[in-house]
1. Taking into account only those residues within segment 218-230 that are of a type outside the set (Ser, Thr, Tyr) and open to solvent by less than 80 Å² (accessible area, probe 1.4 Å), which is nearest to Leu30 (Cα to Cα)?
2. Is it the case, given these coordinates, that Asp177 is in a loop (DSSP other than H, G, I, E, B) and either surrounded by 18 or more Cβ atoms within 10 Å (Cβ to Cβ) or over 19 Å from the mean Cα position of the chain (by Cα) (or both)?
3. Filtering segment 202-225 down to residues that are of a type outside the set (A, V, I, L, M) and either closer than 22 Å to Tyr98 by Cβ or in contact with a His (Cβ under 9 Å, 6 or more places away or on another chain) (or both), which residue is modelled with the lowest pLDDT?
4. Could you list, in sequence order, all residues of segment 81-109 that are open to solvent by less than 50 Å² (accessible area, probe 1.4 Å) and either among the hydroxyl-bearing types (Ser, Thr, Tyr) or in a loop (DSSP other than H, G, I, E, B) (or both)?
5. Within segment 110-130, how many residues turn out to be outside any strand (DSSP E or B) and at pLDDT 95 or above?
6. How many residues are assigned to a helix (DSSP H, G or I) and either more than 22 Å from Ala227 (Cβ to Cβ) or at pLDDT below 75 (or both) when one looks only at segment 1-39?
7. Filter segment 202-217 down to the residues that are over 17 Å from Val141 (Cβ atoms), out of contact with any helix residue (DSSP H, G or I) (no Cβ under 6 Å at 6 or more places or on another chain) and in a loop (DSSP other than H, G, I, E, B) and list them by number.
8. Quick one: which residue in Pro130, Pro149 is free of Cβ contacts under 8 Å to residues at least 60 places away in the same chain and in contact with a strand residue (DSSP E or B) (Cβ under 7 Å, 6 or more places away or on another chain)?
Amino acid sequence: MRVGIGNRVFAPRGWAALAACAAIAAALALANWQLGRAREQQALIDAFDRGLARTAVLGGGGVEALPRYHHVSVRGRYDPAHQVLIDNMPSSTGRAGYRVLTPFLRDDGGRRLLVDRGWVPLGLRRDVLPDVAVDAQPRTVAGRLDQLPVPGIRVGAADTPGDTRWPRVLLFPTVADLERALGVPVEPRILLLDADQPGGYERAWRPALEFPPERHLGYAVQWLALALATLVVFVALSLERAPAPESTRP
């Protein structure tokens, strides 16, 4: 294909056109994916901000029908003898430690609700676990519903074979891991204990974001810029000087 443009001719080579189209299509697809990720992360932030708008009082049913980060309250008592320490959990400032999950026996007879009482630091020795004792007196707890923390890549089992100590140390446990350890059914979501509730530790709760929306938007702009640059380079390299008219040739 040859198209005259002023004193230039647009004459792209076939292989160059295919390569440019492939590169531009890939860049646009990645930009669209980043925009989608930005929308997803912003939706999590919005859900987190809306979570405190209403408080649902749990009574007999499960928590599956409630949206993520919804604020709930429930009456019952802790099971201090069977607590779980989620390993490899950083604090709000990046310090190494554990998240403390304490089973909550609900007065309404529902499944065990695991209450995340916050973050505690790792001790000087791995074999000495932090003291996370809590009493089993009747109480009402309140907080946001959330998912269990998940790793970027799951490698190996959550537990250490043969470990029967309590608190039980688990690495990114699933609901099945927790049910196996506790021997009872548990709710598929945990409760992030409110910061003003007693019996907790560091609780700087925030949406579980891999990256903020702004970073995804920045990546999308970079991919769009790359697509535009590829198009400009392809057009520039495909332009040739138009041959002189026959009447002006010597």
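The values are calculated or read from the model by the stated rules, or taken from the named source; none is laboratory data. The model shown is predicted, which means the values in this text are computed figures rather than measured ones. Backbone-built Cβ (ideal geometry, glycine too); neighbour counts: all protein chains shown. When the accessible area is computed, the model is the full protein with side chains, heavy atoms only, and any ligands, DNA or RNA have been set aside. Shrake-Rupley method; radii C 1.70, N 1.55, O 1.52, S 1.80 Å.
1. Across segment 218-230, the extreme among qualifying residues is Ala220.
2. On the way: in a loop (DSSP other than H, G, I, E, B): no; either surrounded by 18 or more Cβ atoms within 10 Å (Cβ to Cβ) or over 19 Å from the mean Cα position of the chain (by Cα) (or both): yes.
It is false that Asp177 is in a loop (DSSP other than H, G, I, E, B) and either surrounded by 18 or more Cβ atoms within 10 Å (Cβ to Cβ) or over 19 Å from the mean Cα position of the chain (by Cα) (or both).
3. Of the residues in segment 202-225, the ones of a type outside the set (A, V, I, L, M) are 202-203, 205-207, 210-216, 218-219, 222-223.
Going one step further and asking which of them are either closer than 22 Å to Tyr98 by Cβ or in contact with a His (Cβ under 9 Å, 6 or more places away or on another chain) (or both), we end up with 202-203, 205-207, 210.
On the way: Glu202: 93, Arg203: 91, Trp205: 82, Arg206: 82, Pro207: 75, Glu210: 69.
Only one residue tops the list, namely Glu210.
4. Narrowing segment 81-109 to residues open to solvent by less than 50 Å² (accessible area, probe 1.4 Å): 83-87, 89, 91, 97-106.
If the condition is that a residue be open to solvent by less than 50 Å² (accessible area, probe 1.4 Å) and either among the hydroxyl-bearing types (Ser, Thr, Tyr) or in a loop (DSSP other than H, G, I, E, B) (or both), then Gln83, Asp87, Met89, Ser91, Tyr98, Thr102 are the ones that fit.
5. Going residue by residue through segment 110-130, those that are outside any strand (DSSP E or B) are 110-111, 122-130.
Now restrict to residues that are at pLDDT 95 or above: none.
Number satisfying all stated conditions: 0.
6. Filtering segment 1-39 down to residues assigned to a helix (DSSP H, G or I) leaves 14-39.
Among the residues that remain, those that are also either more than 22 Å from Ala227 (Cβ to Cβ) or at pLDDT below 75 (or both) are: none.
Of the residues in that region, 0 qualify.
7. Selection gives Ala204, Arg206, Ala208, Glu210, Phe211, Pro212.
8. Sole residue among the options that is free of Cβ contacts under 8 Å to residues at least 60 places away in the same chain and in contact with a strand residue (DSSP E or B) (Cβ under 7 Å, 6 or more places away or on another chain): Pro130.
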